[in-house]
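**Q** Could you have a look at this structure, given as structure tokens, before my questions?
The values are calculated or read from the model by the stated rules, or taken from the named source; none is laboratory data. These numbers come from a predicted model, not from an experiment. Quick reminder, even Gly has a Cβ in these numbers, built from the backbone with ideal geometry, and neighbours come from all protein chains shown.
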Amino acid sequence: MEAQNISASIETHFGSITDPRIERNKLHLLSDILTIAICASICGADKWEDVEDFGKAKENWFRTFLALPNGIPSHDTFNRVFNRMDPKEFQESFLSWINAASELIGGQVIAIDGKVLRRSHDRGVGKSAIDMVSAWATENHLVLGQVKVDEKSNEITAIPQLLKALEITGCIITIDAMGCQKSIAAEIVEQGAEYILALKDNQGNLFEDVKLLFDDLEGSEYKAYPFDYHITVNKGHGRIEIRECWTISATETLSHLRGYADWTKLTTVSRIRAQRWIREEKSCEDRYHIASVSGARKVLTAVRSHWGIENELHWTLDMTFDEDRSRVRKDYGAENLAVLRHIALNLLKQEKSCKRSVRGKRLLAGWDEDYLSKVLQGLDTLN
């Protein structure tokens, strides 16, 4: 991306955000502040002091396309602006950018999961840590959106808010047991998508009946009910992992489950058995799901894709962006900084010419302005 187009792209997608400062305190343009912060986050700056230092080190480059009427803003300025900026407006701008710059693949799995920003709490004022619920496109490898869980609520109320903000038609939504709710299943189907929801004992009667159903199937040597089956085997580094999936989709069988009729488009129940051998040690775990799609292969593939939100999103944010160690906690700072990280991560993920890790790409972008410009091309088109 040409340098002069960078600020234009950021203005296009994030220009509707209200400047939280009073007029006499506006020594720096909000668009300049956002541009420097996004570039700095891409290049490895995880604290506001680092953002200021990055801006000063790259000031000559920034002056080729930013106004900078009073030079590079101080770290206090970055801190104040992001603390006060309306997080809903920032998230809405993020969603608008994603919808404009990317195109979801039909049938793609969208994993939804929550993550606590562990050090965002402030015991001195009784503020608990912020919990963010995010949506992850498993094939595009993009964060599609995020919402903050209200302090007096939980993920059950936040998930529908996130779903309504996303364009999910034709996709498969996977959620852990917290999201296994009748209202959430109905919302997903209403928006033209399918669901696979983890089933645990928070859905007591249904969980008991589904578990008993598969126990009966196994006890009958798999003759009691019609079923579908798929298995995957992975070997390497002294480890063997076997995953087996059984699904039951016959209506005459499912109709006997307690509460079956209350679930919108409940088509399939499944058991996934994961066995792992590491040298002489063996572990085995059964997991259960309900779904609006059928087929053991499809269910197992989608559930495995869901685990990518932990490995590719949460783990990367903690290990590469130091999210768990961030001490930003005042006002809206932690929430807005989480969105800033998601912008940077999406841009780094979509840049495919460099085969390095996300950490390696951050370093290279900090060293090489041409490569940073290439990463910023994602502001217009996310692959």
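**Q** Could you check, for region 325-334, whether at least one of its residues is on the phi < 0 side of the Ramachandran plot, at pLDDT 90 or above and surrounded by 14 or more Cβ atoms within 10 Å (Cβ to Cβ)?
**A** Within region 325-334, none of the residues are on the phi < 0 side of the Ramachandran plot, at pLDDT 90 or above and surrounded by 14 or more Cβ atoms within 10 Å (Cβ to Cβ).
**Q** Continuing with the same structure: Looking at the structure I just gave you, is Ile196 modelled with pLDDT of 95 or more, in contact with a Leu (Cβ under 7 Å, 6 or more places away or on another chain) and either surrounded by 17 or more Cβ atoms within 10 Å (Cβ to Cβ) or in a loop (DSSP other than H, G, I, E, B) (or both)?
**A** Taking the combined requirement at face value, the residue does not satisfy it.
**Q** Return the pairs, sorted by first residue and then second, in which the second residue is among the small types (Gly, Ala, Ser), the first residue lies in region 207-224 and is within 16 Å of Glu244 (Cβ to Cβ), the beta carbons are less than 8 Å apart, and the residues are 6+ apart or on different chains.
**A** Final answer for the pair search is Leu217/Ala224.
**Q** Which ones in region 65-102 are in a loop (DSSP other than H, G, I, E, B) and either closer than 20 Å to Phe14 by Cβ or in the same structural domain as Lys298 (by TED's automatic domain parsing) (or both)?
**A** Correct list: Phe65, Leu66, Ala67, Leu68, Ile72, Pro73, Met85, Asp86, Ser102.
Yes or no, residue by residue, for (1) in contact (Cβ under 8 Å) with a residue 60 or more places away in the chain; (2) among the polar types (S, T, N, Q):
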position: Ile156; (1), (2): no, no
position: Gln161; (1), (2): no, yes
position: Asp176; (1), (2): yes, no
position: Ser183; (1), (2): no, yes
position: Ala198; (1), (2): yes, no
position: Asp201; (1), (2): no, no
position: Asn205; (1), (2): no, yes
position: Ile231; (1), (2): no, no
position: Ile242; (1), (2): no, no
